[in-house]
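This is the structure I have questions about; it appears just below.
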Amino acid sequence: MDEHEREMYRRILNWFKGKKQPPFKIDLELHRRCNLSCLMCSRRSDPSYERINEYSEKVEIQKKKWLSIIEEAKDLDVREWHVCGGGEPMFLPDVTLSVMESIKEYGALGIITTNGTLWKRRHIEETIRIGWDRVHFSIHAPFAKVHGFLTNCPGTFERVVKTVKIFNELKRKNISDKPEININFVLSVKNYRFLPEMVKFAKLLNANYLFVDPLIVYSELGEKLKLKDKHIREFPKFLEKACHIAEKIGLKNNFSGLDKNLQPELIEKTSRMHEVVKEDVERAKKMKLKGFKRKFLSTSCYKPFFHMTIKCDGRTTSCDVPVTGGDNIRNKSLKEVWNGEYFEDLREKLMNGKVPDFCAQCNPSHMTQKRACQREILKMVR
Ligand SMILES: C[S@@+](CC[C@H](N)C(=O)[O-])C[C@H]1O[C@@H](n2cnc3c(N)ncnc32)[C@H](O)[C@@H]1O
């Protein structure tokens, strides 16, 4: 564990010692506009999906406000930012790159998730120049046909691969390790067989990490893409092969080792993740633990103890899942929101083992990250 991660766990632990802590990490949805229409995308559950780019434009926070939020976050000692949200950040490169620059100006860790199809060479040069830390490219197959099908747009595979290659070329030229390249792969019926090839392909792209999350269902199309029982039964042989190759070629990932983000239970229960959360809480309660350990392990989620999501219209939540609720940052300071009623109520509910309805749509990776957090914090208090 590095010092950055240790600080995150330290802050979570402090809440359980009764000491309030500032947010450690903020996810930014700068806007919801996108150039693609991926078949599995969460934007498809939006009633105004067909006009979502126009709708986003009407409600978005402006660049000046984003920059002032970052100024305040700097004073609060926010250490990590994830630029992602429901749209494609590089749809508005001026806003996105300005936000990224101001995050790096005060030395926080910066991550961006992108479909990789809209980057110009000058954007990549700028990203390297400011010392940006990580770029997560969403690539859902090692072949053009499947990736093009899932992103609902032919040519996307060639474009994202070209972007990754330019990143690699310019990193070499600038003798820079940064940004790290990660690949995000959403597991579906169209690509589960290709996971072993995807591991090799990620290595070929010089990726540092392959992150795989089972598909969450947001629409009828998503339902069709989710793995069915027969696929889940067949999947372990592909997973085993992928783990073997990843170990052999030294590719870090979130599905082998302790994280096990692709266990059949997690694949099967996407969109019913509240059941997995409840089972974990019940298991902890039955362990006859006392004091801190009981309180800590039977807390259903730690997100509002270290994390905040700011949606493009200014609404704030503890993670990217809830579609309603939360204070609006347009009318309040970051500190007021973090210490406000919404976050305080949520913390209390979660500490009492309650599981909000929205947890059904939790990312399986949040579950595995929660379990990793428990392991690490228990080691810290041993
Ligand atoms: C919604 S996208 C937005 C950022 C950017 N446009 C992109 O494609 O990376 C953020 C991440 O969510 C992932 N994602 C999209 N649909 C998903 C689903 N149904 N289940 C799980 N992850 C999903 C994407 O692959 C991507 O890595």
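Values in this text are rule-based calculations from the coordinates and carry no lab data. In this text the structure is predicted, and so the values were computed from the model without any measurement. Reconstructed Cβ throughout: ideal geometry from the backbone, glycine too, with neighbour counts over all protein chains shown.
Checking the a/c ratio against 1.5 first, then a/b against b/c, what shape does the Cα gyration tensor give for region 73-117?
Details: a/c = 2.56, a/b = 1.92, b/c = 1.33.
Since a/c reaches 1.5 and a/b is larger than b/c, the shape of region 73-117 is classed as prolate.
Within 10 Å of each residue's Cβ, count the other Cβ atoms and sort Lys104, Lys58 from fewest upward. Don't skip to the end; give the middle numbers.
Numbers: Lys104 19, Lys58 8.
Going from least to most buried by this count: Lys58, Lys104.
Rounded, prolate or oblate: pick one for region 194-251, where a ≥ b ≥ c are the square roots of the eigenvalues of its C-alpha gyration tensor, a/c under 1.5 means rounded, and failing that, prolate if a/b is larger than b/c, else oblate. Before the final figure, lay out each step's value.
Values: a/c = 3.33, a/b = 1.70, b/c = 1.96.
The shape class here is oblate.
Among residues other than Gln263 whose Cβ falls under 12 Å from its Cβ, what is the net charge (Lys/Arg +1, Asp/Glu -1)?
Details: positive: Lys260, Lys269, Arg371; negative: Asp259, Glu265, Glu268.
Cβ neighbours under 12 Å give a net charge of 0.
With the crude spin-label approximation of a point 7 Å out along Cα→Cβ, what separation in nm comes out for Val381 versus Lys200?
In this crude spin-label approximation the distance works out to 4.7 nm.
Would you list, by chain and number, the aspartates and glutamates whose Cα falls below 13 Å from the Cα of Lys248, excluding same-chain residues fewer than 8 positions away?
Of all the aspartates and glutamates, those that pass the test against Lys248 - Cα under 13 Å, at least 8 places apart if same chain - are Glu240.
Please give the contour-minus-distance gain from Asn328 to Asn208: 0.36 nm per residue of separation, less the Cα-Cα distance, rounded to one decimal in nm. Before the final figure, lay out the partial values.
Numbers: separation 120, 0.36 × 120 = 43.20 nm, distance 3.61 nm.
Value of the extension gain: 39.6 nm.
Report the local net charge at Arg382: Lys and Arg +1, Asp and Glu -1, summed over other residues whose C-beta lies under 14 Å from its C-beta.
On the way: positive: Lys293, Arg375, Lys379; negative: Glu376.
Neighbourhood net charge equals +2.
Same structure, new question: Taking the Cβ-Cβ separation of Ser176 and Lys293 as r and a Förster radius of 41 Å, what is the calculated FRET efficiency to the nearest 0.05?
On the way: r = 43 Å, r/R0 = 1.06.
Approximately 0.40, to the nearest 0.05.
Nothing charged except the Cβ atoms of Lys and Arg (+1) and of Asp and Glu (-1): what's the magnitude of the dipole of the chain about its Cα centre? Round to the nearest 20 debye. Display every interim value, and only then the final one.
Numbers: 71 positive and 52 negative charges, 232 e Å.
Here the chain has a charge dipole of around 1120 debye.
Once you list every other residue whose beta carbon is under 12 Å from the beta carbon of Pro89, what net charge do they have if Lys and Arg are +1 and Asp and Glu are -1? Show your work: numbers first, answer last.
Numbers: positive: Arg32, Arg33; negative: Asp27, Glu29, Glu88, Asp94.
It works out to a net charge of -2.
Return the percentage of antiparallel bridges among DSSP beta bridges fully within the chain, rounded to the nearest 5 %. Don't skip to the end; give the middle numbers.
Details: 3 of 32 bridges.
About 10 percent, rounded to the nearest 5.
Let me ask something else about it. For the chain, just say rounded, prolate or oblate: build the C-alpha gyration tensor, square-root its eigenvalues into a ≥ b ≥ c, call rounded for a/c under 1.5, and beyond that prolate if a/b exceeds b/c, oblate if not. Before the final figure, lay out the partial values.
Working: a/c = 1.39, a/b = 1.11, b/c = 1.25.
Verdict is rounded for the chain.
Pop a pseudo-label 7 angstrom from the Cα along the beta-carbon direction at both Glu72 and Glu158 and give the gap in nm to one decimal.
4.6
Turning to a different aspect of this structure: Return the FRET efficiency for the residue pair Glu279, Tyr106: r is the Cβ-Cβ distance, R0 is 35 Å, and the value is rounded to the nearest 0.05. It would help to have the intermediate numbers written out before the result.
Numbers: r = 41 Å, r/R0 = 1.16.
Taking R0 as 35 Å, the efficiency between Glu279 and Tyr106 is 0.30.
Here is a further query. Per-residue ellipticity at 222 nm for the chain, helices alone: DSSP H runs ≥ 4 residues times -39500 (n - 2.57), over residue total, nearest 500 deg cm²/dmol? Don't skip to the answer; put the middle values down first.
Details: 16 runs with 180 residues, N = 382.
So the helix-based figure for the chain works out to -14500 deg cm²/dmol.
Okay, moving on. Order these by the 10 Å Cβ neighbour count, fewest first: Lys173, Lys178, Lys65.
On the way: Lys173 10, Lys178 17, Lys65 13.
Starting with the residue having the fewest Cβ neighbours, the order is Lys173, Lys65, Lys178.
Please give the contour-minus-distance gain from Ala372 to Arg129: 0.36 nm per residue of separation, less the Cα-Cα distance, rounded to one decimal in nm.
Full extension of this stretch gives 84.2 nm more.
Taking 0.36 nm per residue of separation and subtracting the Cα-Cα distance, what length does fully extending Ser37 through Glu247 add?
Working: separation 210, 0.36 × 210 = 75.60 nm, distance 3.40 nm.
Difference between extended and current length: 72.2 nm.
Counting other beta carbons within 10 Å of each Cβ, put Met40, Met100, Met380, Met351 in order, fewest first. Each step should come with its number before you reach the end.
Values: Met40 23, Met100 26, Met380 12, Met351 19.
Ordered by Cβ neighbours within 10 Å, fewest first: Met380, Met351, Met40, Met100.
Pairs Lys25/Lys335; Lys20/Lys295; Lys25/Lys171; Lys120/Lys171; Lys200/Lys260; Lys285/Lys349: which are spaced more than 22 Å apart, C-alpha to C-alpha?
On the way: Lys25/Lys335 14 Å; Lys20/Lys295 16 Å; Lys25/Lys171 26 Å; Lys120/Lys171 15 Å; Lys200/Lys260 19 Å; Lys285/Lys349 15 Å.
Over 22 Å Cα-Cα: Lys25/Lys171.
Starting from the Cα of Glu5, step 7 Å toward the Cβ, then list every residue of region 223-262 with an amide N under 14 Å from that point.
What the label zone holds, given the 14 Å backbone N cut-off, is 252-260.
Same structure again: For region 233-345, would you read off the P(r) tail past 24 Å as a percentage of all alpha carbon pairs? Let's see the in-between values first.
Values: 3214 of 6328 pairs.
Summing the P(r) tail past 24 Å for region 233-345 gives 51 percent.
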